[in-house]
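The numbers here are math on the coordinates, done by the rules we state, and not lab data. Treat the numbers as computed from the prediction; the structure is a model and nothing was measured. With ideal geometry, Cβ positions are generated from the backbone for all residues, glycine too; neighbour counts draw on all protein chains shown.
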Amino acid sequence: MSFWDNVSDTVNKLGQDAKKAMDLRSLNKKIKDCEAEEAMCFNEMGRIYYHNLKNENANSAKRLTELAENIDNLRFRVNQLSKQFSEIKNDLPKPEKAETIKPVESAPQRLSRNESDLRIRRTQTGIIMVRLCPGCKTENPSSADVCSKCGNNLHHPA
């Protein structure tokens with residue numbers, strides 16, 4: 001597998017992870033909407049109960065039953081959405097487990113003056129290209145000319 005195949009695989013995986021993150025956001029909004037509607041039902045039930053105590057209104061019992069059924073349905077829906085949310089969230093990679101993709105030594109493509117020191121790093125914010133210092137093995141930005149730790153020349157190692 002060539003270096004660019006590794007890059008392609010990483011980008012595809014990031015795209016899949018981004019879709020999962022968007023699905024999580026959508027599910028979270030649906031859960032919040034259901035919870036807000038449930039709160040409004042409880043609020044209306046309280047008002048009806050209060051007015052029923054004051055006025056002895058016969059229609060209020062029917063409406064209370066409707067609201068109770070609606071609340072039960074909303075709780076069931078929130079439970080379903082929460083399960084979907086958990087399944088998707090558990091399928092996402094954990095942020096602390098960043099992967100380093102090393103270039104294949106036999107890859108015909110050349111990236112820069114010293115491509116063997118380049119690495120692709122997956123981070124929480126995306127993917128970045130880093131240059132490994134041959135002396136101290138510190139990761140530096142791919143555009144760096146000297147190591148940020150030891151000052152070694154990254155393009156022409158001593």
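Laid out as a table, the results:
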{"item": "Overall Cα dimensions of the stretch 1-48, principal axis frame, Å, largest first", "result": "69, 8, 6"}
{"item": "Cut-off 9 Å between beta-carbons: net charge of the residues surrounding Met129, Lys and Arg +1, Asp and Glu -1", "result": "+3"}
